Amino acid sequence: MAKKEETKQGETQESLLKDLCGNDARLYDFLGEYLLEHPLEGTSQKSLDILTEEAEKSGNFRPAVDKAIFEGSQKPGERERYIKVIQNLALKTIQATQQEKERVAKEGLTNRAASLEKRIENQKLMCERTEELLNVACKFYNEKLTESAENARRDERKSQKTQAEAVGIRTEELEKAKREARKKEEKKMGKEEKREAEIQDKKDELEAVARKEARKVKSEEAEREEARIGELEKKGQETRQKERKGN
């Protein structure tokens, strides 16, 4: 996990995870490697059963573990079941890693063997502290999903604003082209007809100015609303952060 990556108007993963783990450095270091910045994108769309079957064939249980931690964090009513699932995956990972460690040790790959030993220790921690892990993962992922939803809504509002501005520019261009075309036509008109056309031109120009002013007012209202929403989101984030530090 890229601990120092910062989400838009959100906390860094490092700050968030420290709040949740407190002084528990071991849990912090472990979860720093296992929790995902973008769980919806980073977690496989395959079912946990399929991922487990694939892992048993390949020896790579990480995708299944990621899936189990995320699903378990989002289904508190099934916490006991997911604790058993995660512990089972951890035990299988230990077994597969132990076999690989023995193989590389025979080949004299000491650095690789040390790395595998660390993986085994991590999986033992996962077995021993599964419930704590899921409790932290639940709060961490809920915060990340909240930030993700806020970012998505913000992007949607920005897109709507951009589209509205483009429509306004296009409308002004069409109105200008229409006025210029009429002026060319007026040169061919008689005196009375030209007078009536000029009156209509003036009326159209006033209406165009009114529409432009209305678009400006609407844009300013949207900017004020965006600022209001941004302030509410910031206060919500600060409140959740205080609650985490108070626990």
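The values are calculated or read from the model by the stated rules, or taken from the named source; none is laboratory data. All of these numbers come straight from a predicted model, not from anything done at the bench. So basically every Cβ, Gly included, is an ideal-geometry build from the backbone, and we count neighbours across all protein chains shown.
For residues that are of a type in the set (A, V, I, L, M) and under 20 Å from Leu133 (Cα atoms), scanning just the stretch 41-79, find the one that is surrounded by the fewest Cβ atoms within 10 Å (Cβ to Cβ).
Among residues in the stretch 41-79 that are of a type in the set (A, V, I, L, M) and under 20 Å from Leu133 (Cα atoms), the one surrounded by the fewest Cβ atoms within 10 Å (Cβ to Cβ) is Leu48.
For the stretch 158-172, indicate whether the set of residues that are over 25 Å from Lys218 (Cβ atoms) and out of contact with any helix residue (DSSP H, G or I) (no Cβ under 9 Å at 6 or more places or on another chain) is non-empty. Spell out the reasoning first.
Taking the stretch 158-172 first, the residues over 25 Å from Lys218 (Cβ atoms) are none.
No: zero hits.
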Task: Close pairs from the stretch 191-219: first in the same structural domain as Gln163 (by TED's automatic domain parsing), partner part of a helix (DSSP H, G or I) and surrounded by fewer than 12 Cβ atoms within 10 Å (Cβ to Cβ), Cβ under 6 Å, at least 6 apart - done: none
- [ ] Can you give me the number of residues within the stretch 98-130 that are basic (Lys, Arg) and in contact (Cβ under 8 Å) with a residue 12 or more places away in the chain?
- [x] 4
- [ ] For the stretch 144-191, name all the residues that are assigned to a helix (DSSP H, G or I) and among the aliphatic types (A, V, I, L, M).
- [x] Leu145, Ala149, Ala152, Ala164, Ala166, Val167, Ile169, Leu174, Ala177, Ala181
Open item on the list: Which of the helices (runs of 4 or more DSSP H) found entirely inside the stretch 56-142 contain at least 3 residues meeting this: of a type in the set (A, V, I, L, M, F, W, C) and under 24 Å from the mean Cα position of the chain (by Cα)?
Closed with: 62-74
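Each row is one residue, and each column tells you yes or no for (1) loosely packed, with under 15 Cβ neighbours inside 10 Å; (2) of a type in the set (A, V, I, L, M).
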| site | (1), (2) |
| --- | --- |
| Gly108 | yes, no |
| Leu116 | no, yes |
| Ile120 | no, yes |
| Glu132 | yes, no |
| Thr146 | no, no |
| Asp155 | yes, no |
TODO: Filter the stretch 178-229 down to residues that are of a type in the set (Gly, Ala, Ser) and within 34 Å of the chain's Cα centre (by Cα), then give me how many there are.
DONE: 3
Open item on the list: Would you confirm, using the coordinates I've provided, whether Glu37 is at pLDDT below 95, touching a Lys or Arg at 6+ places or on another chain (Cβ under 8 Å), surrounded by 15 or more Cβ atoms within 10 Å (Cβ to Cβ) and not β-branched (Val, Ile, Thr)?
Closed with: yes
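Quick check, is Thr97 hydroxyl-bearing (Ser, Thr, Tyr) and in the same structural domain as Asp49 (by TED's automatic domain parsing)?
On the way: hydroxyl-bearing (Ser, Thr, Tyr): yes; in the same structural domain as Asp49 (by TED's automatic domain parsing): yes.
Considered against the rule, which asks whether it is hydroxyl-bearing (Ser, Thr, Tyr) and in the same structural domain as Asp49 (by TED's automatic domain parsing), Thr97 comes out as yes.
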